[in-house]
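Everything on this sheet refers to the single structure shown next.
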Amino acid sequence: MPSWISSILLAAVTTLLIGLVVNPRLEARKPRIEAKNNQKRLAWEARAEFSKRVLVILSACGRLRESPVPPALAETRPELATRLDAERQRWHAQLGEATQYLIDNMELFAFGYASDRLRTIVGQFVVNARAVVLSDRSVEKKVERLTALASPIQTLFFVPRWRAIAIVRSLEQFERAVASLDDDLPEETTAEPGPAPTAPQTVT
């Protein structure tokens with residue numbers, strides 16, 4: 001048999017083998033591969049959204065911290081004071097929107113982390129950040145507490161892993177921030193106890 005005929009037959013057999021054996025296996029694996037890729041894509045998108053909301057919190061806190069409205073401004077330039085106060089209210093609303101998104105969608109990005117420790121930290125941050133926004137603290141105290149919570153989170157989750165020292169320090173800072181949250185809560189006012197009721201007297 002000429003060699004060129006043998007080459008043609010070998011190529012035909014190889015093509016047939018690929019079509020009958022290899023391709024069906026690849027087709028069977030395709031849904032699993034696509035599902036796995038989709039999971040990775042969703043996890044990365046969720047982490048990107050998590051990072052975005054943390055940056056919104058830090059940015060809004062920075063703007064509020066650096067733009068106090070002096071009391072004297074309300075007397076000398078009341079229109080400007082009103083505009084500045086409106087801006088501060090808008091930035092404060094950004095804190096509410098960011099923390100609301102985090103608390104409502106926590107499962108989307110928390111469960112994307114394989115470590116139970118990391119998922120716990122995410123949960124602690126989200127719940128405590130939302131609690132700070134909803135608390136009776138002044139805006140200045142809210143800014144202070146949110147910055148203390150969000151700054152280490154930015155380092156813990158979104159810096160290169162080789163920065164181990166910075167990550168360890170950020171973990172310690174976050175734990176201290178959580179532990180000190182109750183230090184500046186306004187005290188609840190309790191009503192003054194009234195006089196004890198007297199028993200009715202009967203006339204004999």
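Some observations on this one:
- Taken along the Cα-to-beta-carbon direction at a fixed 7 Å, the label points for R161 and K52 span 2.6 nm.
- Under 14 Å, Cβ to Cβ, from T99 - net charge with Lys/Arg +1 and Asp/Glu -1: +3
- Rounded percent of accessible protein surface that carbon and sulfur make up, the range 85-133, 1.4 Å probe: 53 percent
- Three-way shape label, the range 118-167, alpha-carbon gyration tensor, a/c 1.5: oblate
- Length added when fully stretched, R90-A114, from 0.36 nm per residue minus Cα-Cα: 5.0 nm
- Gain on full extension, evaluated as 0.36 nm per residue between Q100 and R63 minus their Cα-Cα distance, stands at 11.4 nm.
The values are calculated or read from the model by the stated rules, or taken from the named source; none is laboratory data. Source: prediction; values computed, not measured. Heads up, the Cβs are rebuilt from the backbone with ideal geometry, glycines too, and the neighbour counts pull from every protein chain shown. Ligands, DNA and RNA are stripped out before the accessible areas are found, and what is left, the full protein with its side chains, is counted by its heavy atoms. Shrake-Rupley method; radii C 1.70, N 1.55, O 1.52, S 1.80 Å.
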